[in-house]
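The values are calculated or read from the model by the stated rules, or taken from the named source; none is laboratory data. Bear in mind the structure is a predicted one, so any value in this text is a computation, not a measurement. Using ideal geometry, Cβ is built from the backbone for each residue, glycine included, and neighbour counts are taken over all protein chains shown. Side chains included, ligands, DNA and RNA excluded: accessible areas come from the protein's heavy atoms. Shrake-Rupley method; radii C 1.70, N 1.55, O 1.52, S 1.80 Å.
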Amino acid sequence: MGQILLNGIVKSYGKEVVVKNLDLTVETGEFLTILGPSGCGKTTTLRMVAGLEEPDQGMIKLDDKVVFSRNDGVVVPPEARHLGLIFQSYALWPHMTVAKNITLALKEQKISKSEIADRLKNALEMVQLTGYAERYPSELSGGQQQRVAVARLIALRPKILLMDEPLSNLDAKLRTEMRASLKRLHRDLTATTVYVTHDQIEALTLSDRVIIMNEGRIMQEGSPYDIYHHPANIFVAEFIGDPGINLFEGKIDNGKIKCSDIEIPLPENFAKNKGRLIVGVRPEKIEVSETKKNGWQEVVTGIIQPTGANTIIEVKAGETPITLLQNGFITLPENSKLWINFEHDTLSFFDPETQENLRNNVG
Ligand SMILES: Nc1ncnc2c1ncn2[C@@H]1O[C@H](COP(=O)(O)OP(=O)(O)OP(=O)(O)O)[C@@H](O)[C@H]1O
Ligand SMILES: [Mg+2]
């Protein structure tokens, strides 16, 4: 129970095609995240699953039941799809208290009064809003309203959950806590979940599987590990990771890739190639030494940003900027010398023409 299937979904607004021939299967109980930049079609996709938007073409099945088919003229309305929804604009009923907002759908399902009271209490506890039951939405902050919307889902216990940026109005600390609550919620409900966000941390921390979307198309789908370590192309490599991946374009020459100011030795299977390559390396994968080491590249420090547990270090090799990420709270004066090293198995190689990853084995 709970599988979602999208087949050949196309959606346009006027002349703009915003979802382009999308195929997608979400398995029962899976937590799938759709991640992508603003305007790539994430909300539109979710709204089509919910039945709030009609595709121009394609078919959508929920639990083996066709809920939309352009060819067969099937359109099941949203309320008959039995989904739990939280949308970017987390519409609460303004004239109803928090308690009423949370329990409305339960009353419609003819659930007993004591069961409703239990679920309400539990849901308010989970989103840390115990004591707010009798307030009206206008008496809550944006973040609190969002948490009421989450509580409504917790109380409803649906088999399919669709969430569109449910944490976007929360401050950093609450966001981390709520992320854990959502993960727990998903585990407890074993609900099939489609989660939309442009926040990569949410995608990486919550998901069984991530879909990276850009301009209405899927750029890659995979586990959070694969998306981070084996990006299929330059778009994904750059989109995931903060601070971002370092990319160096250069010419293959004598077993090395020669960029303007640095040389990176290539593994054997690439060393024989000819032409140009783009090398990608994540900031935390570059080795750093404060003392000179043979064969390591000398660099000069620029801005240093300690973030608490880690430090982002901007350096330059000649004119080429490189970002490093080191454990710990590091303070170094600007213009200090450092030496860096690239390990073969931490590098990705991209074709400058197609932008595709040529070897998916960044460790
Ligand atoms: N009702 C509408 N009428 C016309 N264009 C629309 C409509 N809804 C969305 N669009 C356009 O479709 C594209 C995709 O929008 P969508 O809301 O799906 O993006 P998104 O990926 O959710 O972005 P964000 O991260 O900013 O929420 C955008 O270019 C948007 O301007
Ligand atoms: Mg959106």
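Quick check on packing: order 186-196, 329-339 by the mean number of other C-beta atoms within 10 Å, highest mean leading.
Ranked from most to least packed, the peptides come out as 186-196, 329-339.
Ordered by residue, what ³J(HN,Hα) values in Hz, to whole numbers, does segment 142-147 give under the Karplus form 6.51 cos²θ - 1.76 cosθ + 1.60, where θ = phi - 60° and Gly and Pro are x?
Calculated HN-Hα couplings, in order: x, x, 5, 4, 5, 5 Hz.
Work out from phi, with θ = phi - 60° and the Karplus expression 6.51 cos²θ - 1.76 cosθ + 1.60, the ³J(HN,Hα) of each residue of segment 120-134, listed in order in whole Hz, and give x for Gly and Pro.
Those phi angles translate into 5, 4, 4, 5, 5, 5, 4, 9, 6, 10, 4, x, 9, 4, 9 Hz.
Pick out, from 262, 105, 200, the residue whose Cα sits farthest towards the positive end of the charge dipole of the chain, with +1 on the Cβ of Lys and Arg and -1 on the Cβ of Asp and Glu.
105
Could you state the angle between the C-alpha long axis of helix 172-189 and the longest principal axis of the C-alpha atoms of the chain, as a value from 0 to 90 degrees rounded to the nearest 10?
60
How much accessible area per residue does segment 4-239 have, counting only protein heavy atoms and a probe of 1.4 Å, in square angstrom?
45
Kindly flag which residue pairs out of 15/159; 256/293; 251/285 have an alpha-carbon separation exceeding 25 Å in this structure.
Exceeds cut-off: 15/159.
Test of understanding: extend the Cα→C-beta vector of residue 320 to 7 Å, then name every residue of segment 238-266 with backbone N under 13 Å from that spot.
246-253, 256-266
Over the Cα atoms of segment 201-243, what radius of gyration and what Dmax do you get, in Å?
9.5, 25
Please list the non-local residues whose amide H lies under 5 Å from the amide H of residue 256, H modeled 1.01 Å from N, same-chain partners needing a gap of 5 or more.
Here the answer is 266, since their amide H atoms fall under 5 Å of that of residue 256.
Quick one: grab Rg to one decimal and Dmax as a whole number for segment 165-314, Cα atoms only, in Å.
19.4, 57
Treating only the Cβ atoms of Lys and Arg (+1) and Asp and Glu (-1) as charged, compute the dipole magnitude of the chain about its Cα centre; round to the nearest 20 debye.
With Lys and Arg at +1 and Asp and Glu at -1, about 840 debye.
Can you find, among 302, 224, 275, the residue sitting farthest towards the positive end of the charge dipole of segment 207-309, where Lys and Arg contribute +1 and Asp and Glu -1 at Cβ?
After comparing all options, I get 275.
Determine Rg/Rh for segment 219-270; Rg is computed over alpha-carbon atoms and Rh is the Kirkwood hydrodynamic estimate from the same atoms.
Rg divided by Rh gives 1.06.
For segment 1-137, report the % of Cα-Cα distances exceeding 23 Å.
47
For residue 298 and residue 272, what is the calculated FRET efficiency with R₀ set at 25 Å and r taken between the beta-carbons, to the nearest 0.05?
With R0 = 25 Å, the Cβ-Cβ based efficiency is 0.30.
In terms of modelled amide H atoms, which long-range or inter-chain residues lie less than 5 Å from the amide H of residue 302?
Here the answer is 314, 315, 316, 335, since their amide H atoms fall under 5 Å of that of residue 302.
Can you work out the Karplus-derived ³J(HN,Hα) for every residue in segment 261-271? Use 6.51 cos²θ - 1.76 cosθ + 1.60 with θ = phi - 60°, whole Hz, and x for glycine or proline.
Per-residue couplings from phi come out as 10, 9, 10, 10, x, 9, x, 3, 5, 9, 4 Hz.
Run the accessible area of the chain with a 1.4 Å probe and give the carbon-and-sulfur part as a rounded percent.
Of all accessible area on the chain, carbon and sulfur atoms account for 48 percent.
Under 5 Å between amide hydrogens, which residues at least 5 positions from residue 12 or on another chain qualify, with H placed 1.01 Å from N in the peptide plane?
Result for residue 12 returns 18, 56.
In vacuum, with every alpha carbon of segment 62-195 counted as one equal point scatterer, what does the Debye formula give for log10 I(q)/I(0) at q = 0.10, 0.13, 0.19, 0.22 Å⁻¹? Two decimals, please.
Log10 I(q)/I(0), no solvent term: -0.34, -0.56, -1.11, -1.42.
Based on Cα positions only, what radius of gyration and what Dmax would you give for segment 246-360, in angstroms?
My reading of the Cα-based Rg and Dmax gives 14.6, 43 Å.
Hey, can you find the accessible area per residue of segment 246-360 for me, probe 1.4 Å, expressed in square angstrom?
Ligands and nucleic acids excluded, the figure is 54 Å² per residue.
Would you mind estimating how fast the chain diffuses translationally, via Stokes-Einstein at 37 °C and 0.692 mPa s with the Kirkwood radius over Cα pairs, in µm²/s?
After rounding, the answer is 142 µm²/s.
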